[in-house]
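Student: Quick one: the structure is below, and I'll ask about it shortly.
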Amino acid sequence: MIALVFPGQGSQRVGMGRELYESVPAAKAAFEAATETLGFDLAALCFDGPQDELTLTSNAQPAILTTSIACLRALEESVDGLPTPAYVAGHSVGEYSALVCAGVLELPEAVRLVRRRGEFMAEAKEGTMAAILSLGPDEVTEACDAASDAGVVVPANFNDPGQVVISGERVAVEKACAQAKRLGAKRAVRLPVSGAFHSPLMAAAGEKLAAKLRSANIADPRIPVVANADAEPKTDAEAVRAALVAQVTSAVLWQQSVERIAAAGVETFVEIGPGTVLSGMIRRIARNVSVVNVADAASLEQTLGALC
């Protein structure tokens, strides 16, 4: 069995998707659909930058989504009889890519939603995030609890056994980082983000997104989608809506999601989209599975060789 997984914000880079856009008609069509939906040339932003514009939350989220779906379409167009995935999942905004893959959202609808999601999140400028390295989730939670007298600070991403990201008000995040080091963390690295994503400070963004999701055209998944918010498969449209709203303020349970998928018997994970961040995490979480990726022409060929 295979699972397809899709990366989130932070994986964007200038040039992403260009090779597949130029060589695979279905990949080109994905960029063209996103450009028509957004009203500006998303392909040019992805291919030529500048990087600071591409990194803006409201641009990065539709750019990563579109590049990921272009990579998916290239994979689908390049192989006959691709095994139907047992599960799909995505990291943070990557969950929307997974939903497109599962037939829950059409690409234009997903692009509109993540563009608004990114704008809503960017409006909540208060706060920051930091990655805590080589400290267990219980200890990171303890560090956040110890710093809570300084403000809101919570675990935001349970990425793998050696990395938990925290999120919250700046002073509280700094205090939690210091406490994490006292508890044995090797490093605490502030992340270059515009807000405290996946924390209670995103509540206003979540409310605005919920209003958009209520009117969105969301279908039942054709493939179970393992949600960030609870690491459980979603198989109906209303459960998907609820999970997408919860995701804005809830921690991303990525380690738990991979463990859930691997425990169900999945032997191969295919990361689809720019970069290989998820591939590294998956190898650290589930050491007995195979991991391949599709990000460009070379990785596509390697993955076709592994799957066919």
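Student: Could you run through region 194-222 and say how many residues are touching a helix residue (DSSP H, G or I) at 6+ places or on another chain (Cβ under 8 Å) and part of a loop (DSSP other than H, G, I, E, B)?
Tutor: Summing the residues that are touching a helix residue (DSSP H, G or I) at 6+ places or on another chain (Cβ under 8 Å) and part of a loop (DSSP other than H, G, I, E, B) in region 194-222 gives 12.
Student: Now for a different question. Tally time: how many residues in region 278-288 are farther than 17 Å from Gly8 by Cβ and out of contact with any strand residue (DSSP E or B) (no Cβ under 6 Å at 6 or more places or on another chain)?
Tutor: Of the residues in that region, 3 qualify.
Student: Here's a follow-up. Looking at region 140-164 only, could you name the residues that are among the acidic types (Asp, Glu) and surrounded by fewer than 18 Cβ atoms within 10 Å (Cβ to Cβ)?
Tutor: Glu142, Asp145, Asp149, listed by residue number.
Student: Of all the residues that make up region 1-49, how many are closer than 20 Å to Val292 by Cβ and assigned to a helix (DSSP H, G or I)?
Tutor: Looking only at that region, the number is 5.
Student: Considering region 242-263 alone, what residues qualify as being among the hydrophobic types (A, V, I, L, M, F, W, C), within 12 Å of Ser92 (Cβ to Cβ) and in a helix (DSSP H, G or I)?
Tutor: Answer for region 242-263, where residues must be among the hydrophobic types (A, V, I, L, M, F, W, C), within 12 Å of Ser92 (Cβ to Cβ) and in a helix (DSSP H, G or I): Leu244, Val248, Trp254.
Student: Another question about this same structure. Sort out which residues of region 126-178 are among the hydroxyl-bearing types (Ser, Thr, Tyr) and outside any helix (DSSP H, G or I), and write them in order of number.
Tutor: Once the filter is applied, which keeps residues that are among the hydroxyl-bearing types (Ser, Thr, Tyr) and outside any helix (DSSP H, G or I), region 126-178 yields Thr128, Ser134, Ser167.
Student: Just to be sure I understand the filter: pairs with C-beta atoms under 6 Å, separated by 6 or more residues or on different chains, first member in region 172-200 and without any contact (Cβ under 8 Å) to a residue 40 or more places away in the chain and of a type in the set (Lys, Arg), second member surrounded by 19 or more Cβ atoms within 10 Å (Cβ to Cβ) and part of a helix (DSSP H, G or I). Which pairs pass?
Tutor: Close Cβ pairs (under 6 Å, with a partner that is surrounded by 19 or more Cβ atoms within 10 Å (Cβ to Cβ) and part of a helix (DSSP H, G or I)) amount to Lys175/Ala147.
Student: Test of understanding: among Ser167, Ser148, Ser215, which residue is of a type in the set (Ser, Thr, Tyr) and assigned by TED's automatic domain parsing to the domain that holds Val245?
Tutor: Exactly one residue qualifies, and that residue is Ser215.
Student: Kindly indicate the residue of region 111-128 that is among the hydrophobic types (A, V, I, L, M, F, W, C) and surrounded by fewer than 24 Cβ atoms within 10 Å (Cβ to Cβ) and also modelled with the lowest pLDDT among those meeting that condition.
Tutor: Restricting to residues being among the hydrophobic types (A, V, I, L, M, F, W, C) and surrounded by fewer than 24 Cβ atoms within 10 Å (Cβ to Cβ), the top hit is Ala124.
Student: Then there's this: May I ask you to verify whether Val79 is touching a Phe, Trp or Tyr at 6+ places or on another chain (Cβ under 9 Å), surrounded by fewer than 21 Cβ atoms within 10 Å (Cβ to Cβ) and aliphatic (A, V, I, L, M)?
Tutor: No, not satisfied.
Student: Right, something else. Out of Asp80, Asp52, which single residue is part of a loop (DSSP other than H, G, I, E, B), acidic (Asp, Glu) and modelled with pLDDT under 95?
Tutor: Asp80
Student: So is Glu76 closer than 30 Å to Leu304 by Cβ and among the acidic types (Asp, Glu) or not?
Tutor: Judged against the criteria, Glu76 is a match.
Student: What about Leu65, is it under 30 Å from Leu253 (Cβ atoms), in the same structural domain as Val111 (by TED's automatic domain parsing), surrounded by 24 or more Cβ atoms within 10 Å (Cβ to Cβ) and aliphatic (A, V, I, L, M)?
Tutor: Against the criterion (under 30 Å from Leu253 (Cβ atoms), in the same structural domain as Val111 (by TED's automatic domain parsing), surrounded by 24 or more Cβ atoms within 10 Å (Cβ to Cβ) and aliphatic (A, V, I, L, M)), Leu65 qualifies.
Student: Among the residues of region 210-239, count how many are of a type in the set (A, V, I, L, M, F, W, C) and within 15 Å of the chain's Cα centre (by Cα).
Tutor: Number satisfying all stated conditions: 5.
Student: Evaluate region 223-230: report whether one residue or more is buried (at least 20 other Cβ atoms within 10 Å of the Cβ), part of a helix (DSSP H, G or I), of a type in the set (A, V, I, L, M) and assigned by TED's automatic domain parsing to the domain that holds Glu77.
Tutor: Scanning region 223-230, I find no residue that is buried (at least 20 other Cβ atoms within 10 Å of the Cβ), part of a helix (DSSP H, G or I), of a type in the set (A, V, I, L, M) and assigned by TED's automatic domain parsing to the domain that holds Glu77, so the answer is no.
Student: I've got another one for you. Restricting to region 235-259, name every residue that is β-branched (Val, Ile, Thr) and buried (at least 17 other Cβ atoms within 10 Å of the Cβ).
Tutor: Answer for region 235-259, where residues must be β-branched (Val, Ile, Thr) and buried (at least 17 other Cβ atoms within 10 Å of the Cβ): Val240, Val245, Val248, Thr249, Val252, Val258.
Student: From (1) in contact with a strand residue (DSSP E or B) (Cβ under 9 Å, 6 or more places away or on another chain); (2) at pLDDT below 95; (3) among the hydrophobic types (A, V, I, L, M, F, W, C), pick out the condition that doesn't hold for Leu253.
Tutor: (2) is the only condition that Leu253 fails.
Student: Sticking with this structure for a sec: For Leu105, are the conditions met, namely being more than 13 Å from the chain's Cα centre (by Cα), in the same structural domain as Phe269 (by TED's automatic domain parsing), on the phi < 0 side of the Ramachandran plot and not in a helix (DSSP H, G or I)?
Tutor: yes
The values are calculated or read from the model by the stated rules, or taken from the named source; none is laboratory data. A quick note: this is a predicted structure, and the numbers were derived from the prediction, not measured. Note: ideal-geometry Cβ built from the backbone for every residue, glycine included; neighbour counts use all protein chains shown.
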